[in-house]
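A short write-up of the structure that comes next.
Every number here is computed from the coordinates shown, using simple stated rules; none is lab data. What you are looking at is a predicted structure, and each value in this text was computed from that prediction instead of being measured. Every residue, glycine as well, gets a Cβ built from its backbone with ideal geometry; the counts of neighbours run over all protein chains shown.
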Amino acid sequence: MPTIHYILHDGSTRSIDAKAGASVMETAIHHNVRGIDAECGGSCSCATCHVYVADGDLDRLPPPDEMENELLDGVASERRPGSRLSCQIAITPALDGLTVRIPESQV
């Protein structure tokens, strides 16, 4: 199982064994990771699952599509180069060790 590392508001890290095929958002919700609300349930329409992907992991992800890009323009926290919606990151074995930080404004 791939492991996803979530860096929380307090700087602590929760490392969770994730099911391939699930999203980073679904994994967070199923394991009660604070700060990922996912009000739309993962349909890419609310941006409450915004995360910052670690710089070293960005090249392992496909770029955001047009819809995700539009939503990222309106996130509550600062948009950064590593900003992604966690509902749009499908977990695969190749993402083992992926690290995401939860923005402070979502806590």
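Of the set (1) over 20 Å from GLU104 (Cα atoms); (2) over 11 Å from the mean Cα position of the chain (by Cα), all apply to LEU72 but (1). Among the residues of region 65-72, not a single one is in a loop (DSSP other than H, G, I, E, B), in contact (Cβ under 8 Å) with a residue 24 or more places away in the chain, in contact with a strand residue (DSSP E or B) (Cβ under 9 Å, 6 or more places away or on another chain) and not hydrophobic (A, V, I, L, M, F, W, C). What tally of residues in region 1-40 results from selecting those that are touching a Ser or Thr at 6+ places or on another chain (Cβ under 7 Å), in a helix (DSSP H, G or I) and either of a type outside the set (Val, Ile, Thr) or free of Cβ contacts under 8 Å to residues at least 12 places away in the same chain (or both)? Residues meeting the conditions: 2.
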